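One structure is given below, encoded as structure tokens.
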Amino acid sequence: MSADIPVRELWDRTHLALLPWTRVPVGDLHARCGEAVTSTLAAPWDGCDDELLDAPATDGQIHAIVAARRTYGLGWRDAVLGDVAADARAAGLGNGPGGLWTPAEHWNHGRGRAFRPTLRQNLEFFSTHPWAAELEHLRTVRHAVEASSAQPRATLALLFRTAWTNNATERRGWDDAEWWQYLEIEALTSWAVVALGLPHDPAGAGTAVEEAAEAVSPPGWTWSGAGLPDGFLDTAFAALGL
């Protein structure tokens, strides 16, 4: 693959490859990863019976779980995306959305430590699907696109309002991060640009809409309003030329 491959092409290829997986329930994604991790560890642990699983976990066992999850995650990524990660690396295009293009040698989520009462509980916590969060972004965008007949302004309005509704009650009064960070406005915008076929750099579009959110938010404003800040949608649309 040429080193001058357009970044948008890789976003489009990534989106098309992941789209079918947005129809797989997140619980199934986690279950498949957990089964693979457990199967990998069954041999070195001489099986995974209830006696072992219901006993306290050691940090060494957690390290083994995290390593097996890493192997599963990279294998899943490469099987689903094909040459995308290699092409991104050849073109010097960075780690990509959600780290999906990260070279294997740089993909490190730490080693973890035992902090739950039993090995079973730690296994459930540490063996979740490593790309579930990014797939959830795509799933949310797909729903908005389908519900809005792929009309850009309607899709984005629904996308952002739904994100607010899904977060506001739980987060109301929180101030340890900006509201647009909790709503993951940047990631949602980037994938919406791809899904809608808008002629923008997806990452740049996400940044532009985040800046629009900051521009219209009063100082110290968090979750005290009844909805998105006044003027946010119009400012976001303007940032995208809509």
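Charge dipole (Cα centre; +1 on Lys/Arg Cβ, -1 on Asp/Glu Cβ; no other charges) of segment 46-161 amounts to roughly 640 debye.
In this view, the solvent-accessible surface of W21, computed with a 1.4 Å probe and all protein chains in place, comes to about 60 Å².
Select from A57, P117, W131 the residue farthest towards the positive end of the dipole of the chain; place +1 on Cβ of Lys and Arg, -1 on Cβ of Asp and Glu, and compute about the Cα centre. Toward the positive end, the furthest listed residue is W131. Under the convention that each Lys and Arg Cβ holds +1 and each Asp and Glu Cβ holds -1, the size of the dipole of segment 15-60 around its Cα centre is about 520 debye. Here R161 and H30 are evaluated by their C-beta separation; at R0 = 30 Å the FRET efficiency comes out at 0.60. Paramagnetic label reach from D50 (point 7 Å along Cα→Cβ; backbone nitrogen cut-off under 17 Å): within segment 98-128, residues 118-121.
Structure remark: mean-square fluctuation, Gaussian network model of the chain, C-alpha springs under 10 Å; the largest value among F160, F232, F115 belongs to F115.
Result for the chain in a Gaussian network model with C-alpha springs under 10 Å: among G60, G73, G220, the largest mean-square fluctuation is at G220. Please identify, among W221, W131, W11, the residue showing maximal mean-square fluctuation in a Gaussian network model of the chain using a 10 angstrom Cα cutoff. Between W221, W131, W11, it is W221 that shows the largest mean-square fluctuation.
For Y72, the solvent-accessible surface with a 1.4 Å probe is about 50 Å², rounded to the nearest 10. The charge dipole of the chain, taken about the Cα centre with unit charges on the Cβ atoms of Lys, Arg (+1) and Asp, Glu (-1), comes to about 260 debye, rounded to the nearest 20. Using Cα atoms only, what is the angle between the long axis of helix 185-196 and the major principal axis of the chain, expressed in degrees (0 to 90) to the nearest 10? So the inclination is approximately 80 degrees. Subtracting the Cα-Cα distance of A104 and T207 from 0.36 nm times their residue separation leaves 34.5 nm of extension gain. With the simple model of a label 7 Å out from the Cα in the direction of the Cβ, T38 to E136 spans 2.2 nm. For segment 33-72 versus segment 172-215, the inter-centroid distance based on Cα atoms is 37 Å. Helix 26-42 and the longest principal axis of the C-alpha atoms of the chain enclose an angle of approximately 30°. Here the relative contact order of segment 72-147, from alpha carbon pairs under 8 Å that lie six or more residues apart, stands at 24 percent.
Computing percent of Cα pairs over 30 Å apart directly from the structure and comparing it against (i) 28; (ii) 20; (iii) 38 singles out (iii).
Can you send over the carbon and sulfur percentage of the accessible area for segment 97-241, probe radius 1.4 Å, protein chains only? The C+S portion of the solvent-accessible surface of segment 97-241 is 50 percent.
The values are calculated or read from the model by the stated rules, or taken from the named source; none is laboratory data. All figures in this text were calculated on a predicted structure; none of them were measured in a lab. Because the Cβ atoms are built from the backbone with ideal geometry, glycine has one as well, and the counts that use them run over all protein chains shown. Ligands, DNA and RNA are stripped out before the accessible areas are found, and what is left, the full protein with its side chains, is counted by its heavy atoms. Shrake-Rupley method; radii C 1.70, N 1.55, O 1.52, S 1.80 Å.
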